Amino acid sequence: MTDLAVPAPSPAPTGTVPTLPDDPVVRLCAELIAAPSANPPGDEEPVAAVVQDRLERAGFAVRRHYARPGRPNVLATLERGEGPHLILQAHLDTKPAAPPGAEPVGWSSDPLVARIADGLLHGLGACDTKGGLAAMVVAAERLARRDDWSGRLEVQGVADEEDGSGLGAAFLLSEGLLTADAAIVSEPTGCLPSAAQLGNAWAEVTVTTTGAHAGTPSRGQDAVEVARRFMAEVDALLTRMPTDPAFPHHPRLNVGHLAAPGHPGTLSSSCVLRCDVRVLPWQRHDSVMEVYTRAASAVADACPGSALTVRPYQGGGCESHAVADDHPLVRAFDRASADRAGERCSFAGGSDARFFARAGTPAVVHGPGHLDQAHAPDEYVPVGHLVLAADQLEAVAAGFLQSVDRRRAGR
Ligand SMILES: [Zn+2]
């Protein structure tokens, strides 16, 4: 369902906004942290209310789109005549600080109360991605006060990124709401643009054999041994695949699950592997999935009496995603930070940029903080990054909305 009537005012955010430096991004980040949105269980209403209020006051037309009650996606749009359409998107939800009913472990203060120490702002979601969301909202407010750009500026605060995005970006994709000339997706990249992200090729491989008594191994086939040969064959095939210096260590096989239920006295007659190979930018997802089937068929031929079946795991993962260096949005990032022009972050985490890729919308990932601070106790974002990110986003969005041909940006 979509665009339900805006629900009754959300409950007031819990937690207290403490005294903080008088910077609008820092103060908004603290306010967003105080509005809990842990997922699971998932409830983005309090933080959506903060974002909606700020952007409505700045003159944006705001609508909420729901895949499920309590899971809002806030879409705020400012139209300025002819010109390209740029989306700034950040997720509203955070990982929980603790399992339901448990006390947060490893936190030295209340995760919902922002605290600054040594130039770092601590709080749940500070880095992933309430800091980035605050920077986007403040940049959008500043752009609303400028009259030197034209086109359509849209800010999206989306639900459910931390649990698969089914109620957030994936839902917006199905509603046709991710189509634009370009998008910036907030995730912690150290304030550098990430124009390329890895995809993943996930497969579940089931090996079945005759098995045998461990004392008479020659009378059967060991499914675990066949699984070992399968892994070796995948490794060998991957050595012939292209590499990318921006993503060292890839491609590589990761087996995150390997199970052969049985007794030590028996050669296993079945074994299940769940496999991941990261898909490099500019590489096709199905060309990586093919590696699994080729390896399975080679090993089945070499091991008579065994059978290997390969099926996509959880939909098979996702495509990689890349935006060319000469795209107007990437060039706008380079112009906005001349001292670091050409520098890129190789963002290794997952992001909602993949849904923009499916919509045919070029998306760059960018935001304050570093990935190793995400999903960690005492999560923090450097205060300097918050200030810098808002300045960058304002300059990049203005640059993109000024520079792009009125016939719309090339895709
Ligand atoms: Zn995130």
Item to check | By accessible area with a 1.4 Å probe, ligands and nucleic acids excluded, highest first: order of M136, M241 | outcome: M241, M136
Item to check | Distance between modelled label sites at H263 and S108, nm, 7 Å Cα→Cβ extension | outcome: 5.4
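Keeping the other protein chains in place, figure out the carbon and sulfur percent of the accessible area of segment 157-299, with a 1.4 Å probe.
On the way: 3150 of 6020 Å².
Carbon and sulfur: 52 percent of the exposed surface of segment 157-299.
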Checklist entry - Helix 383-403: angle to the longest alpha-carbon principal axis of the chain, degrees 0 to 90, nearest 10? => result 80
Checklist outcome for this item: Among trypsin sites (Lys or Arg not before Pro) in segment 143-229, those in a DSSP loop whose Cβ has at most 16 other Cβ atoms within 10 Å are R145, R146
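To the nearest 20 debye, what is the magnitude of the charge dipole of the chain about its Cα centre, counting +1 on the Cβ of each Lys and Arg and -1 on the Cβ of each Asp and Glu?
Dipole size: approximately 880 debye.
With a sphere of radius 13 Å drawn around the Cβ of Q373, what net charge do the other residues whose Cβ falls strictly inside it have (Lys, Arg +1; Asp, Glu -1)?
Values: positive: K95, K130; negative: D128, E187, D372, D378, E379.
Neighbour charge sum, excluding Q373 itself: -3.
Once the piece of chain linking R284 and D163 is laid out straight, how much longer is it, given 0.36 nm per residue of separation minus the C-alpha distance between them?
Net length gain for the segment: 41.1 nm.
Keeping all protein chains in place and using 1.4 angstrom, which order do D118, D93, D235, D326 fall into by accessible surface area, from largest down?
Details: D118 150, D93 0, D235 75, D326 105 Å².
Highest to lowest solvent-accessible surface, that is D118, D326, D235, D93.
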Next on the checklist: Tell me which of S297, T179, L258 sits at the most positive position along the dipole axis of the chain, charges placed on C-beta atoms (Lys, Arg +1; Asp, Glu -1).
Outcome noted: S297
Next on the checklist: Taking each pair of distinct Cα atoms in the chain once, what is the resulting Kirkwood hydrodynamic radius in Å?
Outcome noted: 22.9
Checklist entry - So how much slack lies between H375 and D22, counting 0.36 nm per residue of separation and subtracting their Cα-Cα distance, in nm? => result 124.4 nm
Checklist outcome for this item: Note to self, the chain gives a 222 nm [θ] from helices alone (DSSP H runs n ≥ 4, -39500 (n - 2.57) apiece, / all residues, nearest 500) of -8500 deg cm²/dmol
Item to check | DSSP-defined antiparallel bridges as percent of all bridges, the chain, nearest 5 | outcome: 75
Next on the checklist: So for segment 9-167, averaging the separation of alpha carbon pairs under 8 Å that are six or more residues apart and normalising by length, what relative contact order in percent results?
Outcome noted: 33
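Net charge within 14 Å of N254 by Cβ-Cβ distance, Lys/Arg positive one each and Asp/Glu negative one each, not counting N254 itself? Each step should come with its number before you reach the end.
Details: positive: R252, R274, R278; negative: E204, D235, D276.
That sum, taken over residues with Cβ under 14 Å, equals 0.
Residue separation times 0.36 nm, minus the C-alpha to C-alpha distance between A307 and T216: what's the value? Please list the in-between numbers first.
On the way: separation 91, 0.36 × 91 = 32.76 nm, distance 2.08 nm.
Residue separation times 0.36 nm, minus the Cα-Cα distance, leaves 30.7 nm.
Taking the Cα centre of segment 167-281 as origin, sum charge times position over the Cβ atoms of Lys and Arg (+1) and Asp and Glu (-1), and report the length of that vector in debye to the nearest 20.
Values: 7 positive and 10 negative charges, 93 e Å.
Result for segment 167-281 is approximately 440 debye, rounded to the nearest 20.
Can you give the convex hull volume per residue for the Cα atoms of segment 199-318, as a whole number of Å³? Walk me through the numbers before you get to the answer.
Numbers: hull volume 11.2 nm³, N = 120.
That works out to 94 Å³ per residue.
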Checklist entry - In segment 46-99, which GluC sites (Glu not before Pro) fall in coil by DSSP and have 13 or fewer other Cβ atoms within 10 Å? => result E82
Checklist entry - Mind checking the angle between helix 131-144 and the chain's longest principal axis? C-alpha axes, 0 to 90 degrees, to the nearest 10. => result 40
Checklist outcome for this item: Put W107, W149, W282, W202 in order of accessible area, largest first, probe 1.4 Å, and you get W282, W202, W107, W149
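The values are calculated or read from the model by the stated rules, or taken from the named source; none is laboratory data. Nothing here was measured: the structure is a model prediction, and the numbers come from that model. As a convention, Cβ positions derive from the backbone with ideal geometry for all residues, glycine included, and neighbour counts pool all protein chains shown. Ligands, DNA and RNA are stripped out before the accessible areas are found, and what is left, the full protein with its side chains, is counted by its heavy atoms. Shrake-Rupley method; radii C 1.70, N 1.55, O 1.52, S 1.80 Å.
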